[in-house]
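What follows draws every value from the coordinates through simple rules; no lab data is involved. Remember, predicted model here, so these are calculated numbers, not experimental data. Neighbour counts run over all protein chains shown; Cβ positions are idealised from the backbone, glycine included.
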Amino acid sequence: MTTALFPPREAAAQTGLSLDTLRYYEREGLVGPIRRTAGRRAYTEGDIAWIGLLSCLRDAGLGIADLRAFTALLHSVDPAVDRVGFLRARREELRDRVAAITAAITVLDHKISRFEEEHG
């Protein structure tokens with residue numbers, strides 16, 4: 001079975017990331033090792049899917065240190081490593097942020113309503 005390989009520009013286009021970001025993720029050990037074909041980097045479908053997950057986690061507010069920790073957990077062969085606990089903790093942090101954002105939206109909605117009533 002042949003695995004499709006994508007050059008960096010195509011991987012960047014598929015993931016929505018810049019080439020610099022892809023290289024940065026590689027340097028940080030978040031992605032890779034990236035295969036090389038004729039001396040050039042080539043990404044597999046698995047690499048692109050993994051980068052998509054990293055992007056989702058970044059969008060959720062996880063920092064590079066969190067991504068490094070998550071990557072290390074996934075690559076660990078120790079069965080005692082608590083991958084689920086890590087993700088649950090991040091999820092709880094996100095829920096707290098959602099609650100804070102929801103409260104802020106409620107305040108803004110109230111202010112908008114007041115201004116609309118006053119200035120019609």
Dipole of the chain, positive end: most advanced residue of Tyr43, Gly61, Ile112 [Cβ charges, Cα centre]: Tyr43
MRE, 222 nm, helices only [DSSP H, n ≥ 4, -39500 (n - 2.57), over the chain, to nearest 500]: -22500 deg cm²/dmol
Top of Leu19, Leu67, Leu30 by mean-square fluctuation, Gaussian network on the chain, Cα under 10 Å: Leu19
Under the span-like rule (Cα at least 18 Å along the axis, Kyte-Doolittle mean at least 1.6), DSSP H helices of the chain: none
Modelled FRET efficiency - R0 41 Å, Glu92 with Ala38, Cβ distances, 0.05 increments: 0.30
Two-site label geometry, Ala60 and Ile101: point separation in nm, points 7 Å out along Cα→Cβ: 1.3
Relative contact order of the chain, pairs being alpha-carbon contacts under 8 Å that are 6 or more residues apart, as %: 20
Least to most buried among Ile105, Ile51 (fewest other Cβ within 10 Å first): Ile105, Ile51
Net charge dipole size for the chain [Lys, Arg +1 and Asp, Glu -1 on Cβ; Debye, nearest 20]: 580
For Tyr43, residues with placed amide H under 5 Å, excluding near neighbours: Phe6
